[in-house]
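Chemist: Sending over a structure as structure tokens; questions will come in a sec.
Derivation of every value follows stated rules applied to the coordinates shown; laboratory data play no part. Note that this is a predicted model, so its numbers are computed, not measured. So basically every Cβ, Gly included, is an ideal-geometry build from the backbone, and we count neighbours across all protein chains shown.
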Amino acid sequence: MKNKIMNKLKRLDLERLKQLKSFINKTIAVVIIALLTLILKKIDLKPTNKVLDFMKTSIQYEFRLVDDSKRIFNWSKKLAKRSGNVINVFNPISFNKYSSPINGVLYREYEKNTNEGIDIKSIDGKDPKAIMPGIVKQIENPSNKGYFITIEKDNMEITYGYLSQVYFSKGDELEVGDAIGILGTNQDGQKYLRIEMTVDGSKVDPAKYIDIE
């Protein structure tokens, strides 16, 4: 035990000596530079004055370099922030997602060119609510799968399907939170809501835009 303590003390002493040695070396270097500067000032000759001017210019340049670096760094941060805002404008997925139109869980996922929509399994069977404002573009009843109502706003369309009844007609205007219709009951006795979304004329995965469990 005593030997371990002694070894630790020796290591501490060595570390302190290294730090002290480094400090002394740096101090000596500073003193030498200061003395050299004073000597050159005393010798009023053109060559020595040129050396002093060069040292002064170099020091000023270094300070300018540090200041310029700080300005460039701050400018870069502002540019990065602005770039992020520009990206957000062209990437609506990065925005906060819409709330789910029903209380449910994802039952069937989106598959490009195969299943260009999602099915949400209802937990409480309540009426689906509009997640964005817009105007009713069309109402369809394809292959007796229930009513499909499409709401249009700007460059986006959203279709709510598998409804046994709709509360609106073509051309009606909806607000966020409006009840859209009544969910139909499937053969398995469960209620599902079909969601399809189109942005700029192309089908997209609704799960990327809607907050679903």
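Chemist: In the range 109-144, which residue that is in contact (Cβ under 8 Å) with a residue 60 or more places away in the chain, farther than 15 Å from Tyr98 by Cβ and touching a Leu at 6+ places or on another chain (Cβ under 9 Å) is surrounded by the fewest Cβ atoms within 10 Å (Cβ to Cβ)?
Modeler: Per the criteria, the residue is Gly125.
For every residue, the table says whether it meets (1) within 19 Å of Ser100 (Cβ to Cβ); (2) within 24 Å of the chain's Cα centre (by Cα).
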{"position": "Ile158", "(1), (2)": "yes, no"}
{"position": "Ser169", "(1), (2)": "no, no"}
{"position": "Asp178", "(1), (2)": "yes, no"}
{"position": "Gly181", "(1), (2)": "yes, no"}
{"position": "Met197", "(1), (2)": "yes, yes"}
{"position": "Asp211", "(1), (2)": "yes, yes"}
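Chemist: Considering only strands (runs of 3 or more DSSP E) fully contained in the range 156-208, which possess at least 2 residues that are surrounded by 14 or more Cβ atoms within 10 Å (Cβ to Cβ) and charged (D, E, K, R)?
Modeler: Once the strands (runs of 3 or more DSSP E) in the range 156-208 are filtered for at least 2 residues that are surrounded by 14 or more Cβ atoms within 10 Å (Cβ to Cβ) and charged (D, E, K, R), what remains is 192-199.
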